[in-house]
Amino acid sequence: MNRTAEKVADLVRENPEFEAVLSELLDREDELRWRDVKDDMTSGQWGRLLQKDILVEGEDGFQFADREAVEEALGRTDEMEFETDVDVDDSESSWSTYDKAAAVGALGMFAGYSVGSVRSAVGNVLDLFLGPLDSALPFFAVIMVLAVVTGLYSSILQNALMDTEKMGAYQEKMKEIQERQKAAKERGDDEAVERIREEQMDAMGDQLGMFKEQLRPMVWIMVITIPVFLWMYWKIRPPAHINPAEASMVMPMVGEVELAAGVVGPLQAWILWYILNSIGFSQIIRKALNIQTSPT
């Protein structure tokens, strides 16, 4: 693609309406004058074509600097793949063996919520490490500390394992396809609409890549968070393994409540307390460390 074709492609990517405008101008055999084309385009679009030297002065008006290059660019525009500085090849989003092992481990540990032997095994092992913390603080404060710790490593893992630039490229690609499809429909180009629709179907595979990018850090977060949750569940669930004096707390807007009591439907007080602290401290941590977890 020569320089003129590149300029045309850039304009169409910038504003898909230029595709219909240029197609209309190509249908005109004579040199172009503003008074003849002003009903088909805006003055801003006309100015952009002159500014980009896609249209140049002729004998009696303006003409294409390189008509064949413009035709080539428009032909390629309908079929071109979205190009970004980021490679959105789904193969690069495939999980490693360690990622898959972590996913299996996380699913296995979910059994601890319903299988008492698994819950007891995990609880007793983690109690070797978390027991001193429980001895030093009341249990509601232990929950706060664990919420901060899990929020910290969750933010770090998301920042390290989630490619937000690639996710942004996935979203930009779908947006660009939708814009070209809309422009093709407006000018009544059924063939282009069909080609773009096929491209859109092919691009749906990229949605799987985006989902995998989002899920990968979640797997590693669960590998660490599930055992911590199982330990708290093991400590609170009858027969409780905490000091009876620590089995209740005073919650904001709720008052004194048993940790194992339901406060929002079946949601127990200790879980709600953990969630509130986790959400709040996670936002503070991400802001303080400038961690980006959404597509850029």
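Things worth noting here:
- Among the criteria (1) surrounded by fewer than 19 Cβ atoms within 10 Å (Cβ to Cβ); (2) over 28 Å from the mean Cα position of the chain (by Cα); (3) touching a residue at least 40 places away in the same chain (Cβ under 8 Å), the one residue 188 does not fulfil is (3).
- Odd one out for residue 240, checked against (1) surrounded by fewer than 18 Cβ atoms within 10 Å (Cβ to Cβ); (2) in contact with a Phe, Trp or Tyr (Cβ under 7 Å, 6 or more places away or on another chain): (2)
- Matching residues in region 161-203 - criterion: being over 30 Å from residue 218 (Cβ atoms) and either in contact with a strand residue (DSSP E or B) (Cβ under 7 Å, 6 or more places away or on another chain) or not in a helix (DSSP H, G or I) (or both): 187, 188, 189
- Among the residues of region 197-237, just one is at pLDDT below 80 and more than 23 Å from the chain's Cα centre (by Cα), namely 198.
- Just one of the listed residues (50, 26, 32, 74) is touching a Phe, Trp or Tyr at 6+ places or on another chain (Cβ under 7 Å) and among the hydrophobic types (A, V, I, L, M, F, W, C), namely 32.
- Selection status of residue 287, of a type in the set (Lys, Arg), under 30 Å from residue 11 (Cβ atoms) and out of contact with any Ser or Thr (no Cβ under 8 Å at 6 or more places or on another chain): no
- Number of residues in region 25-40 that are within 25 Å of residue 176 (Cα to Cα) and modelled with pLDDT of 85 or more: the value is 2.
The values are calculated or read from the model by the stated rules, or taken from the named source; none is laboratory data. What you are looking at is a predicted structure, and each value in this text was computed from that prediction instead of being measured. Methodologically, a virtual Cβ is constructed for each residue, glycine included, from the backbone with ideal geometry; neighbour enumeration extends over all protein chains shown.
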